[in-house]
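The values are calculated or read from the model by the stated rules, or taken from the named source; none is laboratory data. Keep in mind the model is a prediction, meaning the values are calculated, not measured. In this analysis, Cβ positions are derived from the backbone assuming ideal geometry, glycine residues included, and neighbour counts consider all displayed protein chains. What goes into the accessible areas is simple: the full protein's heavy atoms, side chains included, and nothing from ligands, DNA or RNA. Shrake-Rupley method; radii C 1.70, N 1.55, O 1.52, S 1.80 Å.
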Amino acid sequence: MFKSVLVANRGEIACRVFRTAQRMGIRTIAVYSEADADALHVRQADEAVLIGPAAARESYLDQSKVLAAAKQAGAEAIHPGYGFLSENAEFAEAVVAAGMIWIGAPPASIRAMGLKDAAKKLMVEAGVPVTPGYMGEDQNPDRLKAEADAIGYPVLIKAVAGGGGKGMRRVDASEAFLDGLASCQREAASSFGDDRVLIEKYILSPRHIEVQVFGDSHGAVVHLYERDCSLQRRHQKVIEEAPAPGMDAPTRAAITDAAVRAAKAVNYVGAGTIEFIADASDGLKADRIWFMEMNTRLQVEHPVTESITGVDLVEWQFRAAAGEPVPLKQADIPMNGWAMEARLYAEDPANGFLPSIGKLEHFVLPPQGEGGIRVDTGVYEGGEVSQFYDPMIAKLIVHAETREMAAEGLAEACGSVEVWPVRTNAGFLVRCLEHPRFVAGDVDTGFIGAEEAALASAPASDLPLAAALHWEAESFLAVADQKEVWGSSPKHLFGFRLNASRQPARLKFRHNGRPREATVAIVDGDDHEGLDFSLDGSPLDYSDLTAGQFLPPTYGDEAIYVFRKGEASTFDFSPIGAASSGGPASDGSLRAPMPGKIVATPVKAGDVVVRGQPVIVLEAMKMEHALNAPFDGVVGKVAFAVGEQVTADAVLAVVTATG
């Protein structure tokens, strides 16, 4: 076994690989960009090497810099994690040529499965069923449109070199094909340096089922059962589970056998995933599941497989890279209980899921190990969520005896998340996990899209405010003494003098951006037994407030935060009327919600637009974000051209209302 390993990655996957390496007594080496100088993976490594500026192409994606860092630190092996260089055959070859061990798939396997069109042709030869589609070399837009028309809509346009949900567009009608193609090609070129695409028939009730496979250099390949990754948004996985709900033994045997055949067809070594699409309109059936692609690396969702099998896949990767055989025979790999994983993103579901960046001034995750909870993260309280990298900040995993118990435990774990001022999708995850369809296992890849209006934001409620005032009342009563003055600490909402007039105290503030006014009065005479609150002139109803429903408030300099089910409710005492940045303003100006690059301007000055029509498209944090017209009107100004970089809050375009 090698004695040192460099992880050519960052964030939670680097921390996760380090955890296994350090348990095995292997020295760990991190690489980091200037933006990651204080990152958690840098702190956890035994040694860390700076490799360049914040931009990934000048640091984490620069093969020569990563290899130079490995030589400088004396690394014997390199683990690529996922993303970045993990499926780059040239980098794998360069690692071996430099005299180091590559902890990943053989370069030939990466190449064979790296291009989706070539991989599908190979799978057909291996007897693995594939979805109908076009995988030809002719990339002329007219030819691609003709093929899509022949396949029949809806179709899915996919980047040939794609992965991670990038470079994918569903198109429902012929007249929308060329616009979808252009957007897909832009994203593919930006993410993978290759704008070629293939076209697949879009399955109307699709389930995303994938099988974890593992091979060694002695010719053995085993599977570690399946995962269901159907809960997705914009082709990005949100919640994964193992095993797949509704999977019977014959169907499991068919899909896992196909996965093993696929891996053997490319002489696979190490951890890999064979991804399938299933038509679940009539339940999971062996003859309604088709090969989509192979990921020749460790997957983000690998912890759910580790949970039900008891296997450390990173340790297996180390052992396979060192030439050892697969540690277990197929018959000896167990499958116990149920596991679910939720991806915690720094994003704002209530604002179109825009990524959220900034300092994690308050950052609390559920305790590791309690209730079967596992937490994989790459950030910490006081750290930064950067504009330069993927917005996933943690993975929460729960293992339980049954699916129902796992879902309930994961909902509770997500509900205990406290993050501020960076926004997260924790509340969105709770609503997904508690939705009756999800609880019943009635989900497909269109579930979130169909239910997004209800899932994206919590219903409006004054309960968080009731909770904050309740905590304040308890605090006041606890510090009350026999003098005239009650506690008036700046950490509290109210502070007032108990004088003869007994006038109620009043406070104006914003509750989640909405101006409010609360009053408090002393009740029950002179013994200070209680306080009575009203809100906007009406008594505040506490009847729905149950014990333990809310966490104690968190106090900032000018605001108080109350967390419930992953959502942060804010009570802001800065001057009423202060503006927030990002998105459309009332005057029709469209502001950049974060730094990024302009990738498309679908309209020009003088064009007539309708509410919701894309006006300008910004690329930031590896995703495209369309800024849409806030109302019907005329475009008066488009301030930036395609390719230009913009700063947060910059006015990108202005729409003037008509009528």
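Strands (runs of 3 or more DSSP E) fully within the stretch 165-279 that include at least 3 residues being modelled with pLDDT of 95 or more and open to solvent by 40 Å² or more (accessible area, probe 1.4 Å): none found. Report yes if V128 is hydrophobic (A, V, I, L, M, F, W, C), closer than 25 Å to R261 by Cα and open to solvent by less than 20 Å² (accessible area, probe 1.4 Å), otherwise no. Yes, satisfied. Of the residues making up the stretch 345-367, those that are in contact (Cβ under 8 Å) with a residue 12 or more places away in the chain, open to solvent by 40 Å² or more (accessible area, probe 1.4 Å) and within 19 Å of Y380 (Cβ to Cβ) number 4. Going by what's in this entry, would T445 be described as under 16 Å from the mean Cα position of the chain (by Cα) and over 17 Å from Q232 (Cβ atoms)? No: the conditions fail for T445. When restricted to residues that are open to solvent by 30 Å² or more (accessible area, probe 1.4 Å) and over 26 Å from the mean Cα position of the chain (by Cα), the stretch 291-320 contains 1.
On inspection, G127 fails the criterion of being modelled with pLDDT of 95 or more and assigned to a loop (DSSP other than H, G, I, E, B). Of the residues screened, E644 is not one that is at pLDDT 85 or above, closer than 30 Å to G415 by Cβ and not β-branched (V, I, T). Consider the stretch 328-344 and keep the residues that are over 13 Å from A242 (Cα atoms) and in contact (Cβ under 8 Å) with a residue 12 or more places away in the chain. The one that is surrounded by the fewest Cβ atoms within 10 Å (Cβ to Cβ) is K329.
G441 meets all of the listed conditions (1) part of a helix (DSSP H, G or I); (2) at positive phi but one, namely (1). When L627, L652, L618 are screened for being touching a residue at least 60 places away in the same chain (Cβ under 8 Å) and crowded, with 18+ Cβ neighbours inside 10 Å, only L652 passes.
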